[in-house]
1. In whole Å, what three semi-axes, largest first, describe the equivalent ellipsoid of the range 40-111 built from its Cα gyration tensor (square root of 5 times each eigenvalue)?
2. All other residues with a Cβ under 13 Å from the Cβ of Ser100 taken together, and with Lys, Arg as +1 and Asp, Glu as -1, what is their net charge?
3. Mind checking the alpha-carbon convex hull of the range 6-68 and giving the volume per residue in Å³?
4. Roll a 1.4 angstrom probe over the protein heavy atoms and tell me the percent of accessible area of the range 1-119 that is carbon or sulfur.
5. When the Kirkwood radius is taken over all Cα pairs of the chain, what Stokes-Einstein diffusion coefficient follows at 37 °C and 0.692 mPa s, in µm²/s?
6. With +1 assigned to the C-beta of every Lys and Arg and -1 to the C-beta of every Asp and Glu, and no other charges, what is the dipole magnitude of the chain about the Cα centre in debye, to the nearest 20?
7. In Å², what does the accessible area per residue of the chain work out to with a 1.4 Å probe?
8. When DSSP assigns beta bridges and you keep just the ones with both residues in the chain, what percent turn out antiparallel, to the nearest 5?
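The values are calculated or read from the model by the stated rules, or taken from the named source; none is laboratory data. Small disclaimer: the values here were computed from a predicted structure and weren't measured. Every residue, glycine among them, receives a Cβ derived from its backbone with ideal geometry; neighbour counts consider all protein chains shown. Each accessible area value is taken on the protein alone, full model and side chains, heavy atoms only, with ligands, DNA and RNA left out. Shrake-Rupley method; radii C 1.70, N 1.55, O 1.52, S 1.80 Å.
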Amino acid sequence: VQLQACGGGLVQAGGSLRLSCAASGRTFSSRAMGWFRQAPGKEREFVAAISRSGDSTYYADSVKGRFAISRDNAKNMVYLQMNSLKPEDTAVYYCAADTSLGSLLRGVRIDYWGQGTQVTVSS
């Protein structure tokens with residue numbers, strides 16, 4: 001599985017961005033998907049995850065109510081809609097895939113990572 005993330009950029013505080021992640025292969029619908037981020041000088045952290053079917057979503061407290069994760073299994077795509085962006089959301093954002101939703105939620109032993117896309121929020 002290869003993951004290609006895009007959609008990052010520079011935005012003012014309060015603005016919005018939509019990240020996209022395209023997945024190769026025919027096993028997309030069998031994998032839970034997630035987004036993580038890493039700010040300069042900090043460890044990579046969990047942002048959001050979505051179950052294989054898309055019925056269940058999970059968010060870090062810091063983004064709950066502002067970000068929304070979704071997926072389109074017919075297109076092998078996962079999205080992260082980010083609203084009301086804050087300067088502290090500035091980071092490189094990575095999409096990830098795993099057969100285990102638990103691995104994504106714990107951020108450990110994750111099967112596949114995308115290459116990352118930079119999000120910068122100016123104050």
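1. Working through the eigenvalues yields semi-axes of 20, 16, 11 Å.
2. Its environment carries a net charge of +2.
3. So the per-residue hull volume is 114 Å³.
4. 46
5. 233
6. In total the dipole reaches around 160 debye.
7. The answer is 50 Å² per residue.
8. 90
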